[in-house]
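Visitor: Let me give you the structure first, and then I'll get to my questions.
The values are calculated or read from the model by the stated rules, or taken from the named source; none is laboratory data. In this text the structure is predicted, and so the values were computed from the model without any measurement. Virtual Cβ from ideal backbone geometry, glycine too; neighbours counted across all protein chains shown.
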Amino acid sequence: MKKLFTYFIVCVLSLSLVGCSSSKNNDDILRFFDAFHYTLDAKSANVTGSLDMKNNKNTSKIKVNASLIQEDKIQLALKLGLESNENTANDFIEFYIKDGKTYLKNRGTTSQSVASKIGIEDGKRLSSIDPFLSYSDEELENFFTASSRNGNTYTFTIDPDKLSQLVDDLGSVSVSEANVEATISKKHITHLKLYAKGTMSVSSKKTNTFEFTLNVQIKDYNQVKEVTYPDNLESY
């Protein structure tokens, strides 16, 4: 969960115009990872977007709305709405971080825990759990197999084997195709689109196919002054 967290959140520079190409530009790759880390290190931001998923024959869409402040302790309000098989649940999941604790509301059921269980320590920002922190420049460059650029929008083809290893140490996830597109402005990511498909082993005898597109916009960078919490948060 620690590795996957940064992809929800929650879990995306140069201004000259360059035409698209199928070659790999290592400078662009390193610029993307710098922007990714810089974005996770933001003092505050609002995030909106969606996660479209296909699992075998089932399709669903999750709408994402989040507000984040992390100048001292992390303050986070994340709301996920679900659309699946013509069913809609606008308050499918609500997740909050406040004063070192996490609070979860899932279809009416509430619970709370401590933020350290998902890798968030007191006084640390989301950048502290950036999954690429330990990567060398060469390892970052090899994470992508191709790149292109159009203005400040960057597109990268992800090495599927390396992504599989990143999200799942146990080998139950096998990614067959993946790419990411990011718009970078003033050193941070304002738009991120991640696509991946593959298979996931759910038991020794059963494997499911999956396909998803995560599309998020990051705005109000360093301008959010307050995170709104439910009045009854402490009773979760």
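Visitor: If you scan region 143-164, which residues turn out to be in contact with a helix residue (DSSP H, G or I) (Cβ under 7 Å, 6 or more places away or on another chain) and over 18 Å from GLU211 (Cα atoms)?
Guide: Scanning region 143-164 gives PHE143, PHE144, SER147, ARG149, TYR154.
Visitor: Only one of (1) more than 27 Å from GLU234 (Cα to Cα); (2) in contact with an Asp or Glu (Cβ under 6 Å, 6 or more places away or on another chain) is not met by GLU141, so which one is it?
Guide: GLU141 satisfies every listed condition except (2).
Visitor: I would also like to ask the following. ALA146 passes all but one of (1) more than 17 Å from the chain's Cα centre (by Cα); (2) closer than 23 Å to ILE218 by Cα; (3) hydrophobic (A, V, I, L, M, F, W, C); which number fails?
Guide: (2)
Visitor: Can you tell me how many residues in region 157-196 are among the small types (Gly, Ala, Ser) and either farther than 17 Å from THR207 by Cα or at pLDDT 95 or above (or both)?
Guide: Step one: filter region 157-196 for residues among the small types (Gly, Ala, Ser), giving 164, 171-172, 174, 176, 178, 182, 185, 196.
Cutting the leftovers down to either farther than 17 Å from THR207 by Cα or at pLDDT 95 or above (or both) gives us 176, 178, 182, 185, 196.
Of the residues in region 157-196, 5 are among the small types (Gly, Ala, Ser) and either farther than 17 Å from THR207 by Cα or at pLDDT 95 or above (or both).
Visitor: Under 6 Å between Cβ atoms, which residue pairs at least 6 apart in sequence (or on different chains) link something in region 130-152 that is at negative phi and loosely packed, with under 14 Cβ neighbours inside 10 Å with a partner that is in a helix (DSSP H, G or I) and polar (S, T, N, Q)?
Guide: Cβ pairs passing all conditions: none.
Visitor: Another question, then. Do we find a residue being of a type in the set (A, V, I, L, M), under 24 Å from LYS43 (Cβ atoms) and under 17 Å from the mean Cα position of the chain (by Cα) anywhere in region 152-161?
Guide: No, region 152-161 contains no residue that is of a type in the set (A, V, I, L, M), under 24 Å from LYS43 (Cβ atoms) and under 17 Å from the mean Cα position of the chain (by Cα).
Visitor: With the requirement that a residue be loosely packed, with under 13 Cβ neighbours inside 10 Å and either part of a loop (DSSP other than H, G, I, E, B) or within 19 Å of the chain's Cα centre (by Cα) (or both), what does region 100-113 give you?
Guide: Taking region 100-113 as the starting set, the residues that turn out to be loosely packed, with under 13 Cβ neighbours inside 10 Å are 107-109, 111, 113.
Within region 100-113, ARG107, GLY108 qualify.
Visitor: Would you check if SER116 is surrounded by fewer than 19 Cβ atoms within 10 Å (Cβ to Cβ) and under 16 Å from the mean Cα position of the chain (by Cα)?
Guide: On the way: surrounded by fewer than 19 Cβ atoms within 10 Å (Cβ to Cβ): yes; under 16 Å from the mean Cα position of the chain (by Cα): no.
No.
Visitor: Then there's this: Quick check: anything in region 197-212 modelled with pLDDT of 90 or more, within 16 Å of the chain's Cα centre (by Cα) and over 15 Å from LYS54 (Cα atoms)?
Guide: no
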